[in-house]
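Taken together, the values in this text are just the output of simple stated rules run on the coordinates, not laboratory data. This is a predicted model, so every value here is computed, not measured. Cβ placement follows ideal geometry from the backbone for every residue including glycine, while neighbour counts extend to all protein chains displayed.
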């Protein structure tokens, strides 16, 4: 079946929305369970669910595929770790905005690392979306500290993950790539839990933890990463990065609708600018 770029981008929009919608659920879950423990169970269960689906493809599994999956898993886990510890050192709004810098890092790195040209419409859309992200997330001044530095590292590793997903998804079996990426992230989460002294088993199985776990495993992990890895073959990394700026917008809208969070005119303007930025890249491409 032939996939057109607009169809791939539409599915990536669904991925960004699924990540954003589960943001509030994850926040509630990690009030009861340590972050490393939650991530271990999230990616460990995703890995376990995927194994019976892909076991018939094990004949295609080789060292190169495992290496590629390990690289993707390590890049993504490192981004998550930087973001998590950044949240402990600075405001979540600062982390959200700085993490969103991947929208401009991806086209820059695509050009300088791989000499991949980037359309002007993507540059323009990225700039508009980044400005919108500022209005959506920031309430005050942006300070410079360790939390902000870790958040910048998070943006860098997210950008690398998007770029290498594009390269590896064109060369390797996607279901195997996704499955063993989950396994790598589960191992990384277990290692982080042991280093930080957090338990491998959840201290409680509260409703918030179980709801957050089920929704993230099914939608924000298995569905989202499968779609990302599959569909990035039919679009460009820069456009994918721009689409992923819809994640904080969907998180804000879900938090406003179901979490009782406030949304003022600046947030509305910022959300509108993100959508305009995505449309500029789509219509200009």
Checklist entry - What spacing in nm lies between the two simple spin-label points modelled at residue 149 and residue 171, each 7 Å away from Cα in the Cβ direction? => result 3.3 nm
Next on the checklist: Under a crude label model (7 Å from the Cα following the beta-carbon direction), how far is residue 56 from residue 214 in nanometres?
Outcome noted: 2.8 nm
Checklist outcome for this item: Summing -39500 (n - 2.57) over every DSSP H run of at least 4 residues in the chain and dividing by its residue count gives a helix-only mean residue ellipticity at 222 nm, to the nearest 500 deg cm²/dmol, of -25000 deg cm²/dmol
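What is the calculated FRET efficiency for residue 233 to residue 27, with r their C-beta to C-beta distance and R₀ = 22 Å, to the nearest 0.05?
On the way: r = 33 Å, r/R0 = 1.48.
Given R0 = 22 Å and the Cβ-Cβ separation, E is 0.10.
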Next on the checklist: Cut-off 10 angstrom, C-alpha nodes, Gaussian network model of the chain. Which of 247, 148, 28 fluctuates the most?
Outcome noted: 28
Checklist outcome for this item: If the chain between residue 119 and residue 67 were fully extended at 0.36 nm per residue, the gain over the current Cα-Cα distance would be 15.6 nm
Checklist entry - Between residue 205 and residue 49, how many nm apart are label points set 7 Å from Cα along the C-beta direction? => result 1.7 nm
Item to check | Top of 48, 127, 197 by mean-square fluctuation, Gaussian network on the chain, Cα under 10 Å | outcome: 197
Checklist entry - Of the residues 22, 184, 235, which exhibits the maximal mean-square fluctuation in a Gaussian network model of the chain defined by a 10 Å Cα contact cut-off? => result 235
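Can you tell me how much longer the chain between residue 256 and residue 269 gets when fully stretched, taken as 0.36 nm per residue apart minus their C-alpha distance, in nm with one decimal? The partial results should precede the final answer.
Numbers: separation 13, 0.36 × 13 = 4.68 nm, distance 1.49 nm.
Taking 0.36 nm per residue and subtracting the Cα distance, the gain is 3.2 nm.
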Checklist outcome for this item: Given a Förster distance of 30 Å, the FRET efficiency implied by the Cβ-Cβ spacing of residue 7 and residue 88, rounded to the nearest 0.05, works out to 0.15
Item to check | All-pairs Cα distance distribution in segment 16-162, expressed in whole percent, bin size 5 Å | outcome: 2, 8, 12, 19, 19, 15, 12, 8, 3, 1, 0
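Evaluate the relative contact order of segment 5-284 (contact order divided by residue number), counting alpha-carbon pairs under 8 angstrom at least 6 apart; express in whole percent.
Details: 429 pairs, mean separation 124.1, N = 280.
The normalised contact order for segment 5-284 reaches 44 percent.
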Item to check | Spherically averaged projected area in nm², based on the convex hull that wraps the Cα atoms of the chain | outcome: 14.9 nm²
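Need one number: the % of Cα-Cα pairs in segment 134-285 sitting beyond the 24 Å mark. Each step should come with its number before you reach the end.
Values: 5791 of 11476 pairs.
Pairs farther apart than 24 Å: 50 percent.
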